[in-house]
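Q: Supplied in structure tokens, the structure appears directly below.
Throughout, read-outs are computed from the coordinates displayed, never taken from laboratory work. Remember, predicted model here, so these are calculated numbers, not experimental data. Cβ coordinates were reconstructed from backbone atoms using ideal geometry, including for glycine residues, and neighbour counts include every protein chain displayed.
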């Protein structure tokens, strides 16, 4: 569960805890002062500790992409401006790690490591982190639903012109849910052979990228990482209601893999992979479904303010 709405993050986490699965709670807030970021982390962290004391299995992720979401580390007033600074080479990677700007993590002080591997040799990229002797979690893997998205890596979403109102697709990308599904399957093959603690498909739902089969130039879903299609009740309304009820090919591909792993006696991870929780490098733990940012409350029902996430 990830997002910036503390009320809904905690409500969603509490509901998940009642249903029994382990919880990965990752507060993420962007484009606000550092003090607000610290308060957001502290409030969510206190709730995570209360859940843990009541017997829930909780992983609390801190510092997710601070360089991108927190102002003052990378040049730019917004997330999109900071991304452009990185792409344009206007960032000194040494300077942003100096004390007072971006504190370097000390691996020995953390129970487990979380990484977002770069596009390319994912097995090598992941394996090099295992040398620290900590359980390793891949907290995002996936791609968008158009041809060429896997090759674009983390920039697969950049086929949308956000300067237009409403935002629209740039050029003529070809929608392909199969491309997304095949890529997720290939990555899962890699991660299931690496001895990971967890791997989380990105992402479950993204209401900011609605599916528009009636208007391909506005079909932002093809530029999103979600494994379900978001449908807006009235696409042209200023703040239309939305719902998701259409799993994409990637959803079914992941479900088949997880079902096969469970039938083989595991917890969704392919048979013969991973280790018992807390031992060795990994626990072979798979998040069934996907992580994702959820705007508007669980399953489309508003609850609290800001953003929330659900698996």
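Q: Order of 59, 172 from fewest to most other C-beta atoms within 10 Å? Please report the intermediate quantities before stating the final value.
A: Working: 59 20, 172 8.
Least to most surrounded, the residues fall as 172, 59.
Q: Evaluate the distance, in nm, between pseudo-label points positioned 7 Å from the Cα of residue 49 and of residue 256 along their respective Cα→Cβ axes.
A: 4.6
Q: Let me ask something else. Once the piece of chain linking residue 94 and residue 31 is laid out straight, how much longer is it, given 0.36 nm per residue of separation minus the C-alpha distance between them? Let's see the in-between values first.
A: Values: separation 63, 0.36 × 63 = 22.68 nm, distance 2.23 nm.
Value of the extension gain: 20.5 nm.
Q: Please report the projected area of region 197-236's Cα convex hull averaged over all directions, in nm². Could the numbers behind the result be given before it?
A: Working: hull surface 12.2 nm².
Taking the Cα atoms of region 197-236, their convex hull projects to 3.0 nm² on average.
Q: What is the calculated FRET efficiency for residue 7 to residue 234, with r their C-beta to C-beta distance and R₀ = 22 Å, to the nearest 0.05? Mind dumping the intermediate values first?
A: On the way: r = 27 Å, r/R0 = 1.21.
Computed FRET efficiency for residue 7 and residue 234 comes out at 0.25.
Q: Contour minus end-to-end for residue 158 and residue 64, with contour as 0.36 nm per residue of separation and end-to-end as the Cα-Cα distance? Walk me through the numbers on the way to the answer.
A: Details: separation 94, 0.36 × 94 = 33.84 nm, distance 2.08 nm.
Contour length minus Cα-Cα distance gives 31.8 nm.
Q: Given R₀ = 30 Å, FRET efficiency for residue 127-residue 147 by Cβ-Cβ distance, to 0.05? Walk me through the numbers before you get to the answer.
A: Numbers: r = 30 Å, r/R0 = 0.99.
Computed FRET efficiency for residue 127 and residue 147 comes out at 0.50.
Q: To continue, here is another question. Based on the Cβ-Cβ distance of residue 246 and residue 87, what FRET efficiency does E = 1/(1 + (r/R0)^6) give at R0 = 30 Å, to the nearest 0.05?
A: Details: r = 33 Å, r/R0 = 1.09.
That pair, residue 246 with residue 87, gives E of 0.40.
Q: Taking neighbour Cβ counts within 10 Å as the exposure measure, how do 126, 61 sort from fewest upward? All intermediate terms of the calculation are to be shown ahead of the outcome.
A: Values: 126 20, 61 17.
Exposure proxy ranking, most exposed first: 61, 126.
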